[in-house]
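Working notes, beginning with the structure itself.
The values are calculated or read from the model by the stated rules, or taken from the named source; none is laboratory data. Computed from a predicted model, the values in this text were never measured in an experiment. Please note: Cβ atoms are built from the backbone with ideal geometry, for glycine as well, and neighbour counts cover all protein chains shown. SASA here: full protein model, heavy atoms, side chains in, ligands and nucleic acids out. Shrake-Rupley method; radii C 1.70, N 1.55, O 1.52, S 1.80 Å.
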Amino acid sequence: MATVQVSEAEKVYILHGIRDDLRVDGRGCEDYRHMEIETDVVSNTDGSAKVTLGHTAVLVGIKADIGKPRPLVPNEGYLEFFVDCSANATPEFEGRGGEELGTELSNTLYKVFNNKHSVDLKSLCICPGEHCWVLYVDVLLLQCDGNLYDAISIAIKAALFNTKIPRVRISTDEEGGKEIELSDDPYDCMRLNVENVPCIVTLCKVGHRHVVDATLQEKACSVASLIISVTHKGTVTCTRKVGGGSLDSESIFEMTEAGKRVGKALHAPLMNVLQQEEHLGKKKQKVGFLG
Amino acid sequence: MLKSKTFVKKTRSGGVMKIVREHYLRDDIWCGSEACTECKQESTVLQTDACMESSLCSYPHYLIPDTNVVLHQIDVLEDAVIRNVIILQTVLQEVRHRSAPVYKRLKDIIHEKEKHFYTFTNEHHRETFIEREPGESANDRNDRAIRVAAKWYSQHLKTSESDTDGLKVVLLTNDQGNKQKAEESGLLYLFTCILVEEYIKSLTANPELVDRLALSNDDKNEITSSKVLFPEHLPLSRIQAGIKSGSFVQGTFRASRDNYLEATVFIQGEGEDGTEILIQGLQNLNRAVHQDVVAVQLLPRNQWVAPSSVVLQDEGAAKDDNVEEEEEEKPVLLISAAEAARKATGKVVGIIKRNWRPFCGMLNVSQIKESTRHLFTPADRRIPRIRIETRQASTLAGQRIMVSIDGWPKDSRYPNGHFVRSLGGAGEKDTEQEVLLLEHDVPHQAFSQAVLNFLPKMPWAITPEDMVRREDLRHLTVCSVDPPGCTDIDDALHCRELENGNLEVGVHIADVSHFIRPGNALDKEAANRGTTVYLCGKRIDMVPELLSSNLCSLRSNVERLAFSCIWEMNHEAEILKTRFTKSVINSKASLTYAEAQMRIDDTNKNDDITKSLRGLNKLAKILKRQRIEKGALTLSSLEVRFHMDSETHDPIDLQTKELMETNSMVEEFMLLANISVAQKIYDEFQECALLRKHPAPPPSNYDILLKAAKSKDVAIYTDTAKALADSLDVAKVDGFPYFNTLLRILATRCMMQAVYFCSGMDNDFHHYGLASPIYTHFTSPIRRYADIIVHRLLAVAIGADSTYPDLMDKHKQSALCNNLNYRHKMAQYAQRASVAFHTQLFFKSRGILNEEGFVLFVRKNAIIVLIPKFGLEGTVFFDSKDKVAPSIVFDEEGPTLTIQQHTFRIFDKVKVTISLDASNIQHQKIRMALTDPVIPGVSVPVPDAEPQAKKPKLDR
């Protein structure tokens, strides 16, 4: 992970500020930075979204492809994650520098999203045991300014919302051979239900308190953080502790509660924004990467 | 402005791919109209006074046809009357997608300046581009795009024009729905939308165009009875699934020439070989037409049948349409064949690809006077009769016409078609020649401007750049020897003594590949034509005349570029050195075979040319002897030559070609050059050398030859080419000098076709007839495309020219070979047909002749007689429909045919009377009747030389 050098005096300053619920950039402890979301940014994917959170920027593209279902769950499709830590984000990622982080991130994403409670995997099934849709979720880190998990999860949710899977039909000939037929209408496509898709809230323990959406400087002051994935109902689907320091059970409880609260509050406006954008249809003003 | 086009595609591996294409819109696409003042176009295509006399549109107008109009009515659009047409890009793309031949024809029209066809790239125009909307099918979108473009045009023309009642656009469609939509969206105040049928009918000045309208779907039910005659064709998706699962097989439909109820489907197997499936009966044939690609289902084994040997011609059609069905099925073949003769039999379940082309033939005028529906009989017997609608039946009767098939509904006995054009009166020489070329698929149109653009500019001279990689051989005494009247001289020879006592022999071939560069229009045209076709009195060139008869032709006393193959030989004709080089030569004389022969024989002449010829002749004799010792075959076929009247181009006399020593002299060196080059290019390019092979015939081919020889107590051995050649040499019968020639003619018939192939795709290179392990064609690049490729390969091999990717691609090379083989075969057929036609003309003028001939084959009910004087073969039938068949006994072993005590054997000498049978004007033929030996009831009395008025039994 990208790190910044923070001097002792700065640390003290940050710590004291957080203690008084006033962070360096003026936010409260449970406030997010300014967030921008745009969907349908990469035309040759089936669904895509770009999210900027402060200076953190991630791009998520989803490609749907036909694959074979896993033998244990023949009537479900599945998701595949790949996180590409581009050297654009920070020079440390150059060469194979970002690989470790990428693996770590994608492992977490598997845990959070690739289960039937998050995404309706059954709707991805085309023909039980034979064909199913595989959603390849490619995450590209464009810029790192802390709180990657949250930004990625929001982008994934937005991209899943945006995903249009071409509708296919299975035709059977008299010999029982099955043939996949593709509709020739590009508008004839299937949408995913993203209602239950969770968002990740990362809480950083700084001093005695914890903050959400930590900047890199704040992160440097923290010894441990808790990653919580929360659905729109406030259900916690996954937690994970990262960082070298330890957390006592009381603060874990406190942080989980805060995470639930923040997560729940995050979902409603997110869905709102996505639906608004969808509604605009072709009239939408494209911003893209130059805006 | 940037838009993107998105569509989803299924990949071959079963995946699904989303494809996004960038699509740029622009505002500098001009309308192409002369009347327009707004557009900043440099040149205009569409005229201001776009007048077509239509009773529906009295004002000047431009036509915008939609896709279906172009697809179905291309024959109408091709007519000179239809001008000032806007072809939208949408239409062009759709046409290209749906029918390649129509697309090509459309492109040709667009290139024609007088037609004033303008392509408007509406898909890239800022104001006419539309995106597909949700719920809209691709077809609907295209229709809408066409309407939007039409709207734009009418608005555009209105604003840009000064006077008000000026130009309008007319949208032509053949879809009521499209017209309705145009009406609904209130576009009609802007432009007119007319059904194409109505529009064509409204062209008062040109009523004949109506005939050329293709029948659309709506018209079909009107014509046919409601009775369903044929099983439904399966949809393509089911056919594909069936082929995948193996329940159907895919093959090319080949109708039988002799029996309209029978056909075979040729299934392409692994490599060269394939299997055939027999199809019998109208129901099973199921509307397939010769050369269609069809899906066939095999019948259960107990329903398999043997091919019938009956000749059946579809004559039910002579009656009127409605009464025809009754006796149709009568001849369905109930012959219970011997088990062994049965073949795999199947039925056609669907058509994968129609291969309809315009067919030549003649009209059978309907007996009902006012009827506009007539049947058309194609010249090719394998094509069914076609029902067409025309009002000009009386003018078209007796003419050769072309007709296209539009469709074959399942409740119609015959396919429906429409008249395309008239070729001229039947029996006229030009018409028949045209028919002959069309039916043999010989490309014979004049060369297009695009092709001519690649010709060198005249006056042409050799430049210093040309000389860079060339050897200057202008000082050599080179001469050419060709048949009289030859203008495309592609080979020249020289021979001289070297200082070391050896002989230097050079074969110089016109350097056509210098002028025809790979990949350009000229090259593509030549590759497509494949060969020059020589008909009697006419030559259909492969390359434009400037090249064939001038720049490439190695005429005397001019400097010409050549590709030379030069050997150093000793006096025993052993090759000591071979080299190839591009060169410049200056031929000192172009001689005919006879002239060359005279020079050689004239002992008084001792000039350089004559010496050179003598040297060549001497070597050629040695070479020929060596070749024959190796087992090369000398076969024989009678070639005839017509003496043409210089004024009328009618044949006035005919004689068989004579062969002189000089013929074989030239041939010998050409063979040598071909073999040397073949070896060289194969050594250099193992994978992609273009070679020619002549496979050894299977032993069963020789059966007839062996039987024939045996009947004269002559032994023929066919184990090897050498054995065959030797035994043919000694085969002689006392008192029958012509026997040997006859035997050689028979042997020729046993041979296989020689073919071009690519060395990387085959491993059998042997040339059986020439007894050469490797062979190619190098010596006639002016008239054969294969030679051009060989020239290019050789040029690369010696570093005289650069290569290009297609030359080294064995698959492309192989595809080219297939085309060349096809063209050569067709050219041969066309040549034979031309000779046959001229023979007919000749006999027409001569009336009835009595000649002597030999029995060449014995058939079940006939003998085939060869008349050496004319090189003419004819069949003498012993059974005919109206006569009681005399007692005929056919013995297959002999083969002999005994008719009332007289037995015919192969090689028997007979006398026949020859006349022209013009009873069927489409298929005139030479009729022969026996006069000697006299067999009562079979032979005819010797007629006087005066032509006897034959009763033609007209079939209409």
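Numerical summary
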| quantity | calculated |
| --- | --- |
| Selection count where residues are open to solvent by 90 Å² or more (accessible area, probe 1.4 Å) and touching a helix residue (DSSP H, G or I) at 6+ places or on another chain (Cβ under 9 Å), scope segment A:11-21 | 0 |
| Restricting segment B:1-59 to residues that are within 14 Å of chain A (Cβ to nearest Cβ) and of a type in the set (G, A, S), the residue that is most open to solvent (accessible area, probe 1.4 Å) | B:S13 |
| Hey, B:Y103 surrounded by fewer than 20 Cβ atoms within 10 Å (Cβ to Cβ) and touching a His at 6+ places or on another chain (Cβ under 9 Å) or not | yes |
| Options B:I745, B:I716; residue that is among the β-branched types (V, I, T) and open to solvent by 10 Å² or more (accessible area, probe 1.4 Å) | B:I716 |
| Candidate set from segment A:185-196 (those that are within 21 Å of the chain's Cα centre (by Cα) and surrounded by 17 or more Cβ atoms within 10 Å (Cβ to Cβ)); member that is farthest from the other protein chains (Cβ to nearest Cβ) | A:V194 |
| Qualifying residue in segment B:109-126 (condition: at pLDDT 85 or above, touching an Asp or Glu at 6+ places or on another chain (Cβ under 9 Å) and either within 14 Å of another protein chain (Cβ to nearest Cβ) or more than 30 Å from B:F447 (Cβ to Cβ) (or both)) | yes |
| All positions within segment B:431-443 that are of a type outside the set (A, V, I, L, M) and under 15 Å from B:Q828 (Cα atoms) | B:Q433, B:E439, B:H440, B:D441, B:P443 |
| Residue match in segment A:128-140 (condition: open to solvent by 70 Å² or more (accessible area, probe 1.4 Å), in contact (Cβ under 8 Å) with a residue 24 or more places away in the chain and among the hydroxyl-bearing types (S, T, Y)) | yes |
| Residues being more than 43 Å from the chain's Cα centre (by Cα) and more than 13 Å from chain A (Cβ to nearest Cβ) - total across segment B:129-147 | 0 |
| Sole exception among (1) in contact with a Gly (Cβ under 8 Å, 6 or more places away or on another chain); (2) open to solvent by less than 20 Å² (accessible area, probe 1.4 Å); (3) of a type outside the set (S, T, N, Q) for A:L270, by number | (1) |
| Subset of segment B:501-541 (residues that are over 13 Å from B:I788 (Cα atoms) and among the hydrophobic types (A, V, I, L, M, F, W, C)) | B:L503, B:V505, B:V507, B:A521, B:V533, B:L535, B:C536, B:I540 |
| Those strands (runs of 3 or more DSSP E) lying entirely in segment A:197-267 with at least 2 residues surrounded by fewer than 20 Cβ atoms within 10 Å (Cβ to Cβ) | A:236-242 |
| Exclusive hit being open to solvent by 10 Å² or more (accessible area, probe 1.4 Å), farther than 28 Å from B:L820 by Cα and not small (G, A, S), set B:T578, B:T531 | B:T578 |
| Where a residue in segment B:408-430 is at positive phi and its partner, wherever it lies, is surrounded by fewer than 21 Cβ atoms within 10 Å (Cβ to Cβ), with Cβ under 6 Å and at least six apart | B:G424/B:T431 |
| Matching residues in segment A:150-168 - criterion: being away from every other protein chain (no Cβ under 12 Å) and open to solvent by 20 Å² or more (accessible area, probe 1.4 Å) | A:F161 |
| Residue in segment A:45-52 that is under 17 Å from the mean Cα position of the chain (by Cα) and more than 24 Å from A:Y136 (Cα to Cα) present | no |
| Segment B:542-562, residues that are of a type outside the set (K, R), open to solvent by 10 Å² or more (accessible area, probe 1.4 Å) and in contact (Cβ under 8 Å) with a residue 60 or more places away in the chain | B:L546, B:S549, B:S556, B:E559 |
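The rows are residues; the columns are (1) modelled with pLDDT of 90 or more; (2) within 14 Å of chain B (Cβ to nearest Cβ).
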{"residue": "A:L15", "(1), (2)": "yes, no"}
{"residue": "A:Y32", "(1), (2)": "yes, no"}
{"residue": "A:D40", "(1), (2)": "no, yes"}
{"residue": "A:L53", "(1), (2)": "yes, no"}
{"residue": "A:K63", "(1), (2)": "yes, yes"}
